[in-house]
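The values are calculated or read from the model by the stated rules, or taken from the named source; none is laboratory data. None of these values were measured; they are calculated from a predicted model. Counting neighbours? That spans all protein chains shown, and the Cβs are built from the backbone with ideal geometry, glycine included. For the accessible areas, the whole protein counts, side chains as well, though only heavy atoms, and no ligand, DNA or RNA atoms are used. Shrake-Rupley method; radii C 1.70, N 1.55, O 1.52, S 1.80 Å.
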Amino acid sequence: MTILLTILASLLVFGAVIAVHEFGHFAAAKLSGIQVNEFAIGMGPALWKKIAGGTQYTLRLLPVGGYVAMEGEGSPESNQAERARDGQPEEETENPIPPDQRTGIPFPEAAIWKRAIVMAAGPLMNFVLGFVVLVGLIAFRPEPIASRVIYEVEEGALCGQTGLEAGDEIVAINGRRCFVANDILYELARTRDTQADFTVRRDGRLLELPGVRFDTYTGEDGGTRMNIGFTVYALARTPLNVLKESVNSELYYSRIIFTSLIDLLQGRESINNLSGPVGIVSAISQAASYGLTDVVEMLVLITVNLGVFNLLPIPALDGGRLVFLGVEAVIRRPVSERLQENLTLATFILLFGLMIFATYNDVIRLFTGGL
C-alpha cells in the first residue's frame with residue numbers, strides 16, 4: 001500500500017508540474033500563431049495520439065518529461081535529435097502534420113517578443129499553478145495565517161533584551177525582506193552565531209536593530225539550537241489576506257530556492273546535499289504518509305522550483321533561450337544555430353552530470369538512512 005501511495009503521489013506531482021509547464025509553451029505558441037506540430041506529455045513510446053487543429057497530441061509511456069515541438073524550431077537535425085532525446089522513437093520523429101493541415105507559421109518567423117513569450121510561458125505557468133494551489137491550501141487548512149507582527153516576547157528572552165519588542169512588525173532580517181512568517185524562521189536558521197540584524201516597523205516608523213541575539217539550548221543530539229523567544233499574531237482568514245499570503249508564500253518559496261543555489265555556489269551548503277529524482281520521490285513518499293495536504297505542499301515547492309530553475313540564463317533551459325532572443329534583438333540577427341546547439345549540448349551534459357551525481361547522493365542516503 002505504501003509503494004502504491006508513493007507511485008500515485010509521484011504521478012500526481014510530476015504529472016501536474018510537467019503538464020502545466022508544457023501547456024504554457026503550447027498555449028502561448030498557439031495564441032502567437034506559431035505552428036505546433038506536437039504536444040506530448042511523457043517520454044518513450046506513444047500510448048495515445050490524436051491530431052486536431054493542426055497539432056498532434058501525444059501521451060507517452062513514461063510519466064516524466066514532455067515537449068512542445070514547433071515548426072522550424074532549430075535545424076531539422078537538431079529537432080530530430082531533441083525529440084529523440086525526449087524519448088520519441090526514431091520512426092516518429094518526422095513531422096506528423098501534413099502541410100495542408102498546418103495552421104501556423106514556423107517558430108523563427110514569429111516576432112522576437114512572441115517567441116520570448118512562448119519561452120517564458122512554461123515557467124510562468126508553474127508559478128500560476130503554485131499560486132492557485134497555495135490559495136486553496138491557505139484558505140482551507142485548519143492552521144491560522146501567521147503574521148510578521150510580534151505578539152509577545154518571552155520574559156527574560158535575550159532577543160527582547162537586545163532590541164525586539166511586542167508590536168514590532170518584522171520587515172527584514174540581515175537585509176533580506178521577510179514576506180511571510182516562514183521567512184523569519186528561514187533567515188534565523190541561516191545565521192551561524194545566533195544573532196541577526198533586524199529591520200522592524202515600530203509605531204509606524206522603520207527601525208534598524210543590529211545584533212539582535214537569541215538564547216540557545218542543547219538538543220537531544222547534542223547540537224546547539226536557537227530559541228526564537230517570541231510569538232506572532234494570527235491573521236483573520238479573509239479573502240484579501242488569503243490572496244496576500246498566497247502571493248507572499250510564492251515569493252518565499254521562489255527566494256529560498258534561489259538563495260539555496262547561491263549558498264551552494266558560495267560554499268555555505270555542500271554539493272553533497274543535492275537531491276535528484278530518487279530524493280524527490282522519497283520526499284513525496286514521506287509527504288504522502290502524512291496526508292494529502294503535505295503532498296500538495298510538495299507540489300507547490302516542486303512547481304515553483306521548476307519555474308525558478310527554468311528561468312536561469314543557462315542555454316539548455318528556457319532562460320537560456322530568452323538570452324539568445326535578447327541577443328538577437330540587440331544584434332538584429334539570430335544567434336548562430338551551431339553556437340546555440342554547442343552551448344546547449346555542453347550545458348545539457350553538465351546538468352545531466354549533476355543529476356547523476358545528485359541521484360548517487362540520493363541512493364547513498366537511501367541505504368544509509370539519510371532519506
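Here are the numbers for the structure shown:
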{"read-out": "Residue selected from region 317-359 under the condition in a helix (DSSP H, G or I) and basic (Lys, Arg), by the criterion modelled with the lowest pLDDT", "value": "ARG338"}
{"read-out": "First in region 325-348 and in contact (Cβ under 8 Å) with a residue 40 or more places away in the chain and under 15 Å from ALA110 (Cα atoms), second anywhere and among the aliphatic types (A, V, I, L, M) and not in a helix (DSSP H, G or I), Cβ under 8 Å, 6 or more apart", "value": "GLU328/VAL335"}
{"read-out": "GLU82 vs. criteria open to solvent by 30 Å² or more (accessible area, probe 1.4 Å), assigned to a helix (DSSP H, G or I) and either out of contact with any helix residue (DSSP H, G or I) (no Cβ under 7 Å at 6 or more places or on another chain) or at pLDDT 90 or above (or both)", "value": "yes"}
{"read-out": "Search result, residues across region 6-22 that are farther than 15 Å from LEU299 by Cβ and either of a type outside the set (D, E, K, R) or in a strand (DSSP E or B) (or both)", "value": "ILE7"}
{"read-out": "Which numbered condition ILE184 misses (of (1) in contact (Cβ under 8 Å) with a residue 24 or more places away in the chain; (2) touching a strand residue (DSSP E or B) at 6+ places or on another chain (Cβ under 7 Å); (3) closer than 27 Å to ASP294 by Cα; (4) open to solvent by 10 Å² or more (accessible area, probe 1.4 Å))", "value": "(4)"}
{"read-out": "Single residue of region 23-51 satisfying the filter (touching a Pro at 6+ places or on another chain (Cβ under 9 Å) and not in a strand (DSSP E or B)) that is surrounded by the fewest Cβ atoms within 10 Å (Cβ to Cβ)", "value": "GLN35"}
{"read-out": "Any pair with Cβ under 6 angstrom, 6 or more apart, that starts in region 131-152 at a residue that is small (Gly, Ala, Ser) and ends at one that is in a strand (DSSP E or B)", "value": "ALA146/VAL232; SER147/VAL232; SER147/TYR233; SER147/LEU235"}
